[in-house]
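Q: Can you keep this structure in mind? I'll have questions shortly.
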Amino acid sequence: MPHLTRTLLRQLVPIACVAVALAALTGCNEDSVERSLGSQTAQAVEHHYMVDKDPLLNEYVTTMGQMLVAHSSRQQIPYRFRVLDTDMVNAFAAPYGHIYFLRGMLDFADTEDEVWFVGAHEVTHIVKRDSIKSLKNSILFNIGVAIIGGESRTVGDIAGIGAGLLMLRYSRDDERDADDGGCDLIYAAGYDPRGSLAFFERLEKHYGHGKPSSLEQLLLTHPANPDRIKRQLARDMLKPDAIEPNLHIARGYQRRSQYVQAAQAFSQVAQANPTVTDAHTGLGDCFAAVGRLQEARAEYQKALNLQARDSYAVRQLAAVPQSPATLPAPAPADATRAGILLAQAGALQTAINDLNASKTQFEAQVARQMSQAVEISRDSSGMILGLSESSPEFTTPQQDIFMGASAAIGDANSAVYAVEAIKGRFEDANARCAGIKQRLQAALTASKAGRGAAGDVAIAERSLVSFTRAVAEFDMAADAALPALAAVVNAQNAAQDTATYLELMTKYPKVDKYNELVKQAAEQTGKLTEAANNALGKSKKVTRQAEGRALLARINIAGLGINAEMRGAFDGMVAHYTMSRPEDVARLRAQGMGHGDAAFALAAAKATGLDPASYATTLSDHSMIDAIAGGGVKLGGPIILLRYLANAMEKELELAEQAG
């Protein structure tokens, strides 16, 4: 978790620790203590950290959080859910309902089920009051006892974030309980608890490949992932042949318009027990929703064979259309245009090869220049955690020095996390290029042969332009990031000096010279970290813009070359991730937008208050991303949710292709 600067801890630590200590000593109302502690903690954290203000992302996170709380056993307190702008992979719960998702965690997740599990895990910590229990094992509690003993503190301006919170380590029992509670909550809310396994498995994969330092805090403060996976796999709700759990999970996918994944879960039930009527009606609903009409009729009939008077099956069977929905035919000129675009798409391979070369060069430079910096970052995280739990015998000035040094080291580590995030985005972009190009070529090939729908070629052309620009911008971002590496290394070297002097101050608290050495090193670390962040700024901005263009193309292309019913299902998915209605998406598509165009228009409209249809004017010159960014909308928030959307759409297509 992030680190507290000296002035922040001057404000946070006295209030927090006095509250905790007073509760222990006087037996005052625990909720009142927790409320005071949580309020001051949230104020401190949000003053230093940049809190993401994107309306769509905040609406989504708040809606998710409140749905989870509604299924929890502690609903009588207010809950707040916020996203903090840092590349560290983590999330944390402050006392009394304050839950924070770090952007690095949201970027690390692949699906919303994973994010829901993380949120549910943190809600469970609030329910069980784990933050206060953990405080008693940290330096924060010891400082609080000293304050109660009569020591005074000066409250300065807030200039940092809460290392105390992010450095809290829960017991293994608390973490296991939070995992169990998290799975229970997302299951109750209609989400797939297997998302927890996917999250753990990818954490383990990254851990096994050198564990990036941005994961260090998460790995230091949580149990080993194999143990967590094994424990959850043993639960009934995650067994492949579990009847009621699979029905419940399938219905959750249905509500999100992910009908192919829902059908997969219903099929597991039907295979485990063919006499379960709900499995067959569920399959019928899913097949009908994606245009597999003959299979839908067969499943409804199976349900009626089991229960002849099942009124739902009777109604649904009668409602299945006799023939699939039709799409407006493409114009004759579309076939010719598709052929031209197909050749242009083939030429993209050169640019993709250039991106791969730039990515390889960047990775080599990161490995050469930053391997030691990454080790310093890992070691300093562990050192701060160890010292915070060791109860050092500091004077009040030394406590301030310790907290200021922790903050400086944490800020320097954040620059390393930013480099790792940029590197990860290059890797993801490069890995997806071949798939995007392949799907685009398949859609254009279909259009060239006269298949598809009116407007498909125009959408494909916009996607080609957007994707081409994305590849070029990723290449540009890699070049821009290279000069920043040296600045990040300089900041980490200064952080190492700070950590060294901090350990000496802890070991020899009565030697005054170490106090001054720590302060000087921390000040130098802060200056160099600011320089590193400034150097990284251009690359981060260009990378986000490239991500937006690539996502727009991915989502648009996913909606091409499929039947009318599947396009309607994708309308529902876009609506789900943009907190809108399927008819809103259909209306935008009727104006010539693809699913990606519609998704970004709806996301931008949340921030600007404009009619999303107004972005239709950008279609002719392929400038939607430019128009959105130029209108003051930051792309980071929408990109998170629309990446989950793109992954879910492509998963639906993959499963549909496997099913034939």
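The values are calculated or read from the model by the stated rules, or taken from the named source; none is laboratory data. Keep in mind the model is a prediction, meaning the values are calculated, not measured. We place every Cβ from the backbone using ideal geometry, glycine too, and count neighbours over all the protein chains shown. With ligands, DNA and RNA removed, areas are computed over all heavy atoms of the protein, side chains included. Shrake-Rupley method; radii C 1.70, N 1.55, O 1.52, S 1.80 Å.
Q: Which residues, taken from the range 321-373, are among the aliphatic types (A, V, I, L, M), crowded, with 16+ Cβ neighbours inside 10 Å and over 19 Å from I436 (Cα atoms)?
A: Narrowing the range 321-373 to residues among the aliphatic types (A, V, I, L, M): 325, 327, 329, 331, 333, 335, 338, 340-343, 345, 347-348, 351-352, 355, 357, 364, 366-367, 370, 373.
From the residues that got through so far, the ones that are crowded, with 16+ Cβ neighbours inside 10 Å too are 327, 335, 338, 341-342, 345, 348, 351-352, 355, 366, 370, 373.
Scanning the range 321-373 gives L327, A335, V366, M370, A373.
Q: Tell me, yes or no, whether the range 510-522 has at least one residue that is over 27 Å from the mean Cα position of the chain (by Cα), among the acidic types (D, E) and closer than 25 Å to L440 by Cα. It would help to see each step written out before you state the result.
A: To start, the set of residues in the range 510-522 that are over 27 Å from the mean Cα position of the chain (by Cα) comprises 510-522.
Narrowing further to those that are among the acidic types (D, E): 512, 516.
Among the residues that remain, those that are also closer than 25 Å to L440 by Cα are: none.
No: the range 510-522 contains no residue that is over 27 Å from the mean Cα position of the chain (by Cα), among the acidic types (D, E) and closer than 25 Å to L440 by Cα.
Q: Taking the range 635-650, which residues are assigned to a helix (DSSP H, G or I) and more than 15 Å from A598 (Cβ to Cβ)?
A: Narrowing the range 635-650 to residues assigned to a helix (DSSP H, G or I): 636-650.
G636, G637, I639, I640, R643, Y644, N647, A648, E650 - these are the residues of the range 635-650 that are assigned to a helix (DSSP H, G or I) and more than 15 Å from A598 (Cβ to Cβ).
Q: So which residues in the range 396-421 are surrounded by fewer than 24 Cβ atoms within 10 Å (Cβ to Cβ) and modelled with pLDDT under 85, if there are any at all?
A: Matches in the range 396-421: T396, Q399, D400.
Q: Moving on to the next point. For the range 422-450, which residues satisfy the criterion of being open to solvent by 10 Å² or more (accessible area, probe 1.4 Å) and either within 17 Å of A480 (Cβ to Cβ) or of a type in the set (D, E, K, R) (or both)?
A: K423, G424, R425, E427, D428, A429, N430, R432, K437, R439, K448
Q: Show the residue pairs that are 6+ apart or on different chains and have beta-carbon atoms under 6 Å apart, the first residue being within the range 302-331 and over 30 Å from T275 (Cβ atoms) and in contact (Cβ under 8 Å) with a residue 40 or more places away in the chain, the second being hydrophobic (A, V, I, L, M, F, W, C) and assigned to a helix (DSSP H, G or I).
A: A325/A564; L327/A564
Q: Which is at pLDDT 90 or above and over 13 Å from A472 (Cβ atoms), of A331, A351? Spell out how you get there, then give the answer.
A: Values: A351 fails: over 13 Å from A472 (Cβ atoms).
Exactly one residue qualifies, and that residue is A331.
Q: Right, next: Give the residue, chosen from Q258, Q268, Q301, that is closer than 25 Å to A325 by Cβ and open to solvent by 20 Å² or more (accessible area, probe 1.4 Å). Spell out the reasoning first.
A: On the way: Q258 fails: open to solvent by 20 Å² or more (accessible area, probe 1.4 Å); Q268 fails: closer than 25 Å to A325 by Cβ.
Among Q258, Q268, Q301, only Q301 is closer than 25 Å to A325 by Cβ and open to solvent by 20 Å² or more (accessible area, probe 1.4 Å).
Q: Tell me, which residue of the range 38-59 that is touching a strand residue (DSSP E or B) at 6+ places or on another chain (Cβ under 8 Å) and aliphatic (A, V, I, L, M) is nearest to L635 (Cα to Cα)?
A: Step by step, filter the range 38-59, then rank; the result is L57.
Q: Examine the range 47-68 for a residue that is of a type in the set (D, E), modelled with pLDDT of 80 or more and open to solvent by 50 Å² or more (accessible area, probe 1.4 Å), and state whether such a residue exists. Spell out the reasoning first.
A: First pass over the range 47-68, keeping only residues of a type in the set (D, E): 52, 54, 59.
Subset that is modelled with pLDDT of 80 or more: 52, 54, 59.
Pick out the ones that are also open to solvent by 50 Å² or more (accessible area, probe 1.4 Å) and you get 59.
Yes, because at least one residue in the range 47-68 is of a type in the set (D, E), modelled with pLDDT of 80 or more and open to solvent by 50 Å² or more (accessible area, probe 1.4 Å).
Q: A further question on this structure: Is it fair to say Y514 is surrounded by fewer than 18 Cβ atoms within 10 Å (Cβ to Cβ) and either touching a helix residue (DSSP H, G or I) at 6+ places or on another chain (Cβ under 7 Å) or closer than 30 Å to P328 by Cα (or both)? Spell out how you get there, then give the answer.
A: Details: surrounded by fewer than 18 Cβ atoms within 10 Å (Cβ to Cβ): no; either touching a helix residue (DSSP H, G or I) at 6+ places or on another chain (Cβ under 7 Å) or closer than 30 Å to P328 by Cα (or both): yes.
No, not satisfied.
Q: Could you tell me which numbered condition T578 fails, if it satisfies all but one of (1) open to solvent by 10 Å² or more (accessible area, probe 1.4 Å); (2) at pLDDT 95 or above?
A: (1)
Q: When you go through (1) in contact (Cβ under 8 Å) with a residue 24 or more places away in the chain; (2) out of contact with any Phe, Trp or Tyr (no Cβ under 8 Å at 6 or more places or on another chain); (3) of a type outside the set (A, V, I, L, M, F, W, C); (4) closer than 30 Å to A453 by Cα one by one for Q294, which number turns out not to apply?
A: (1)
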